[in-house]
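What follows is a single structure, written as structure tokens, with notes after it.
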Amino acid sequence: GENVEQHPSTLSVQEGDSAVIKCTYSDSASNYFPWYKQELGKRPQLIIDIRSNVGEKKDQRIAVTLNKTAKHFSLHITETQPEDSAVYFCAATPRMNTGFQKLVFGTGTRLLVSP
Amino acid sequence: GAVVSQHPSWVICKSGTSVKIECRSLDFQATTMFWYRQFPKQSLMLMATSNEGSKATYEQGVEKDKFLINHASLTLSTLTVTSAHPEDSSFYICSARVTGVRNTEAFFGQGTRLTVV
């Protein structure tokens, strides 16, 4: 089955710096890659996603890149702010004959943005 | 975006008792819902896929008789933790995607923190 690895596990940056989180996946048939932000004790919230037919997607300060050949994708946050502090999870949706489209999550990255 | 509501938000139960957690899609139909378990400072681990009108599909290592899943309608799935023990204490969270739309956002419930004493 699909396996998603995520690095780093923790990331500390100064306000205004950029943050990059990287993920690799094992199933070459995976075709959907979302990124979720989870604040302590709360539900994960989608911040950006990318499909396998696209190499890059940007939404204001957030961007995601996908390299299908290498089977890795990255989250880029520019001009970080203290409110960006949270745990970020990448995920992959393996292509399944059942059509259930489950999400397989990475291990998470705890981002801390210091003022 | 679509709303998924999970109830209760937290529950404390005695060891040996059973606890039911509900997951509802409020403004969309969800043929399939997913149940995750999350330990402190860890990732979301998929437990099972809940399918409306049929048996749930469990991930490897998840006990079917321990975690009973029922998906009786297009908007409701329930997870029952049977004969709960302290090691079952965790954050349980469900998610759902809009039926028939592929490769789109999964919406999460607010989670249920279960403490077994």
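The values are calculated or read from the model by the stated rules, or taken from the named source; none is laboratory data. None of these values were measured; they are calculated from a predicted model. Glycine gets a Cβ as well: all are built from the backbone with ideal geometry, and neighbour counts include every protein chain shown.
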Between A:T69, A:T65, which is more than 29 Å from B:S50 (Cβ to Cβ), surrounded by fewer than 16 Cβ atoms within 10 Å (Cβ to Cβ) and without any contact (Cβ under 8 Å) to a residue 24 or more places away in the chain?
A:T69
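Rundown of residues vs (1) over 29 Å from A:P8 (Cα atoms); (2) more than 9 Å from chain A (Cβ to nearest Cβ); (3) surrounded by fewer than 19 Cβ atoms within 10 Å (Cβ to Cβ); (4) of a type in the set (A, V, I, L, M), yes/no style:
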residue: B:K20; (1), (2), (3), (4): yes, yes, yes, no
residue: B:P40; (1), (2), (3), (4): no, yes, yes, no
residue: B:M47; (1), (2), (3), (4): no, yes, no, yes
residue: B:H85; (1), (2), (3), (4): yes, yes, yes, no
residue: B:F108; (1), (2), (3), (4): no, no, no, no
Going by the conditions given, is B:S54 at pLDDT 95 or above, exposed (fewer than 15 other Cβ atoms within 10 Å of the Cβ), not aromatic (F, W, Y) and not in a strand (DSSP E or B)?
no
Check the range B:23-42 and report whether any residue there is at pLDDT 95 or above and of a type in the set (V, I, T).
no
For the range A:10-41, the count of residues that are under 17 Å from B:S43 (Cβ atoms) and either exposed (fewer than 13 other Cβ atoms within 10 Å of the Cβ) or of a type in the set (V, I, T) (or both) equals 6
For the range B:84-102, enumerate the residues that are modelled with pLDDT under 95 and more than 21 Å from B:S43 (Cβ to Cβ).
B:V98, B:T99, B:G100, B:V101, B:R102
If I ask for residues that are over 12 Å from the mean Cα position of the chain (by Cα) and of a type outside the set (K, R), which ones from the range A:45-66 would you list?
A:S52, A:N53, A:V54, A:G55, A:E56, A:D59, A:Q60
With the requirement that a residue be part of a loop (DSSP other than H, G, I, E, B) and either in contact with a Lys or Arg (Cβ under 8 Å, 6 or more places away or on another chain) or more than 10 Å from every other protein chain (Cβ to nearest Cβ) (or both), what does the range B:29-38 give you?
B:Q29, B:A30
Any hit, the range B:95-106, residues being among the aliphatic types (A, V, I, L, M), loosely packed, with under 15 Cβ neighbours inside 10 Å and within 12 Å of chain A (Cβ to nearest Cβ):
yes
For the structure I just gave you, tell me whether B:V81 is at pLDDT 90 or above and in contact with a helix residue (DSSP H, G or I) (Cβ under 7 Å, 6 or more places away or on another chain).
yes
Could you please find all residues in the range B:65-89 being touching a residue at least 24 places away in the same chain (Cβ under 8 Å) and either aromatic (F, W, Y) or part of a strand (DSSP E or B) (or both)?
B:F67, B:I69, B:H71, B:L76, B:S77, B:T78, B:L79, B:T80, B:V81
